[in-house]
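The values are calculated or read from the model by the stated rules, or taken from the named source; none is laboratory data. A quick note: this is a predicted structure, and the numbers were derived from the prediction, not measured. Counting neighbours? That spans all protein chains shown, and the Cβs are built from the backbone with ideal geometry, glycine included. Protein only, heavy atoms only, side chains kept; ligands, DNA and RNA dropped before computing areas. Shrake-Rupley method; radii C 1.70, N 1.55, O 1.52, S 1.80 Å.
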Amino acid sequence: MSPPELPEWIEDDLQKIRDTGLFRSRRTFKPLTGGRCMLDGQTLINLSSNDYLDLAHDDRLIAAAASALSEMGVGARASALVSGRTEWHAKLEAQLAQFEGTEAAILFPSGYAANLGIVSAFANEQDTVFCDRLNHASLIDGCRLSGARLRVYRHDRLEKLKRELDKVTGDGKKIIVTDSVFSMDGSLAPLVSLCDLAEKFQAILIIDEAHATGVWGASGRGLAEELGVEHRVTIRIGTLSKAVGAMGGFVAGASDLIDWLWNRVRTQIYSTALPPAICAAACKSLEIIQAEPERRRVLSERADFLRNELQQRTNVTIPSSAGPIIPVILQDPGVTMNVAAELQEAGFLVGAIRPPTVPEGTSRLRVSVTCAHQRDDLERFLKALDRSLARNVESR
Ligand code: PMP
């Protein structure tokens, strides 16, 4: 039986995506240990991963997951509210609360689901949401879904946010929503100033610590810990899919907040709970993050080395920031794709990021470092990048 004919607009749109150089193809990737991966049969140094602490392939996580897998099987079978919340979910919630120093915690099927569900549960049509222009799509989608008035600001120009906060009148809530570490930019949200503004204008502050959990803060709790503002942020959302090396979103907080989220956030209520084996792996990972702070130290040393080296190049822009996400801004999407392809030929995988994920004119390589990378891997990467930039980019 032949499939139904596709509507013409799909063909037209696909052609438009191809014509503008923005077509995204699918590749088959296999993660390997030691900061490496296999792509289409070639072994590469993987500088595109969010597994910052090199835990996704850790034998201890694998053993924890394997044991829970043979005990409970693969899927959770139902949403957490119905019958899918196992002993492993309860253990992980308790461990997250202990890690974050809070009364309780709640899990979500993914970081995306947590952001989408939480923002749309907090905000409604009477409210105004203030959203950073570089926020992750899941926060932006949550703002849209809520039906609230949307005001977009830039974290490097907070005067606009202040003006907009000042303009809002009426009874509706004011809600500021931000990533703490911007995923495609590596820049850090000015959390202290955002807390000051939230307090001055009685706004709720929601932050997404997806790329900060396990990476920032003396105990790895995130950028709010690093900057000493955990107690000033209304709600901090984390993901288990990046430095924790597993999967799932979470919020840790006061019992009443967690009870409210449990009863109101639709992406949690209406989606199947995380697989129990994933929860067992995440429990092990949190233990390791607390017991082995040297992982964070190595990560920070490697990231500083690479960022400093890249900042000396005159033919690319490297925004000043810190941490393992380093954007190499090449502006043009075609050049970005060429350089990424040449780096792949030379043995390195980096993300090639184009609009609409980033603003027009800011196409970039997203280079992410993990504590598994050796200094030598990074030095070889720099040489390969220099060769490719010499071919593709004029000196500025
Ligand atoms: N927030 C940010 C800032 C992210 O970068 C991502 C994932 N890329 C998410 C949320 C979504 O998290 P998850 O992958 O766990 O759904």
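Observations on the structure shown:
- Residue in the range 173-181 that is in contact (Cβ under 8 Å) with a residue 60 or more places away in the chain and surrounded by 24 or more Cβ atoms within 10 Å (Cβ to Cβ) present: yes
- Top-ranked residue of the range 181-221 - restricted to ones that are among the hydrophobic types (A, V, I, L, M, F, W, C), assigned to a loop (DSSP other than H, G, I, E, B) and within 22 Å of residue 141 (Cα to Cα), ranked as nearest to the chain's Cα centre (by Cα): 210
- Within the range 122-143, the residues that satisfy the criterion of being within 13 Å of the ligand (Cβ to nearest atom), part of a helix (DSSP H, G or I) and buried (at least 20 other Cβ atoms within 10 Å of the Cβ) are 138, 139, 140, 142.
- Going through (1) under 24 Å from residue 59 (Cα atoms); (2) open to solvent by less than 20 Å² (accessible area, probe 1.4 Å); (3) within 16 Å of the ligand (Cβ to nearest atom) one by one, residue 242 falls short only on (2).
- Unmet requirement for residue 169, which otherwise passes all of (1) crowded, with 16+ Cβ neighbours inside 10 Å; (2) over 30 Å from residue 303 (Cβ atoms): (1)
- Counting the residues of the range 1-43 that are open to solvent by less than 80 Å² (accessible area, probe 1.4 Å) and under 23 Å from residue 348 (Cβ atoms) gives 12.
- Flag for residue 146 being over 13 Å from residue 129 (Cα atoms) and either open to solvent by 60 Å² or more (accessible area, probe 1.4 Å) or not assigned by TED's automatic domain parsing to the domain that holds residue 319 (or both): no
- Taken over the range 309-342, the criterion of being open to solvent by 30 Å² or more (accessible area, probe 1.4 Å) and without any contact (Cβ under 8 Å) to a residue 40 or more places away in the chain is satisfied by 311, 312, 317, 320, 331, 332, 341.
- Residue satisfying all of: in the range 228-239; open to solvent by 10 Å² or more (accessible area, probe 1.4 Å) and part of a loop (DSSP other than H, G, I, E, B); farthest from the ligand (Cβ to nearest atom) among these: 228
- Of everything in the range 101-121 that is assigned to a helix (DSSP H, G or I) and crowded, with 24+ Cβ neighbours inside 10 Å, the residue that is nearest to the ligand (Cβ to nearest atom) is 111.
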